[in-house]
1. Residue 25 is checked against (1) within 15 Å of the chain's Cα centre (by Cα); (2) under 19 Å from residue 225 (Cα atoms) and fails just one. What number does that condition carry?
2. Could you figure out which of (1) touching a residue at least 60 places away in the same chain (Cβ under 8 Å); (2) within 14 Å of residue 273 (Cα to Cα); (3) touching a helix residue (DSSP H, G or I) at 6+ places or on another chain (Cβ under 8 Å) isn't true of residue 237?
3. Could you list, in sequence order, the residues of segment 168-191 that are in contact (Cβ under 8 Å) with a residue 60 or more places away in the chain and either buried (at least 23 other Cβ atoms within 10 Å of the Cβ) or closer than 24 Å to residue 245 by Cα (or both)?
4. So residue 143 ticks every box in (1) surrounded by 17 or more Cβ atoms within 10 Å (Cβ to Cβ); (2) out of contact with any strand residue (DSSP E or B) (no Cβ under 8 Å at 6 or more places or on another chain); (3) more than 22 Å from residue 321 (Cα to Cα) but one. Which box is left unticked?
5. If you go through segment 270-291 one residue at a time, how many are surrounded by 18 or more Cβ atoms within 10 Å (Cβ to Cβ) and assigned to a strand (DSSP E or B)?
6. Tell me whether segment 64-79 contains one or more residues that are touching a helix residue (DSSP H, G or I) at 6+ places or on another chain (Cβ under 9 Å), within 22 Å of residue 139 (Cβ to Cβ) and either in a strand (DSSP E or B) or touching a residue at least 12 places away in the same chain (Cβ under 8 Å) (or both).
7. Could you grab the pairs with beta carbons closer than 6 Å, sequence gap of 6+ or different chains, first residue in segment 269-290 and without any contact (Cβ under 8 Å) to a residue 40 or more places away in the chain, second one in a loop (DSSP other than H, G, I, E, B) and crowded, with 17+ Cβ neighbours inside 10 Å?
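None of the figures in this text is laboratory data; all of them are computed from the coordinates on show. Here the structure is a predicted model, which means the values were calculated and not measured. Reconstructed Cβ throughout: ideal geometry from the backbone, glycine too, with neighbour counts over all protein chains shown.
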């Protein structure tokens, strides 16, 4: 199989769509590039946060399932999402920012020779910032140009995705035999795997924990991880590959903003393959107003009136606002003016 390009997106579960919008927009400075619905459950919002243009490899997405319970963290799950920042100095900026906004975080440490900073949101969702100071792999995206974070410190892509697992041999087989990854480093309980051009944007980090019980999903957990492929032809090749190894899968799925294939190759972990296009700039929203309307793929547009009654309105209009760039020595200013 042609090597996977890297991480396409991560989808997580939140307890509150409004709060996650505020956290990612005003604290983390990612751009909401699409406010739409879960195409498998139209009662549920699906929010996409990404770089300035919604590039593949930069977006984390959220479902807000009604009446969901809090996740139980454990093993055999996708445990952490990471984001890329340009330099080691950016981590110092983010540490000060988290202190200012009272965001739970941990000391800056090195992992596989890379400076990192771990933090949490209000659901205890686990995140890590990875410095790109010495990264030479998959190219990152473009910071949100009109957001509150100075460009030299801004998040501009997804970093390694973390798996917390109990069976390292089985996961090694999944990643290296079936999914085109190569084992590159080991450090204590962590093993790093890379695909394609490698680097922070094309890595998976596996943490072996045999002392934990299995986790279960809820708000504060990750629903699935998607790996990037170029086009539909690659999706069909992956379908054939999964058929040959006897793995069950979803078949080709048209998500409108990208095209997908889903499979479970390891217990508790849902893998997706997703095309880099068509993208989020479409017939409903231009670049200037991305994420400001309730956007619907064509097959749902005849149901708009019903859907608008099912999902509560969320004000995500930003094109009429000006965000101050918040340098931490002058961060006493409000989010927007």
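1. So residue 25 meets the others, but not (2).
2. The failed condition is (3).
3. Passing the criteria: 170, 171, 174, 178, 179, 180, 181.
4. Here residue 143 clears every test but (3).
5. Residues in segment 270-291 being surrounded by 18 or more Cβ atoms within 10 Å (Cβ to Cβ) and assigned to a strand (DSSP E or B): 6 in total.
6. no
7. The qualifying pairs are 284/295.
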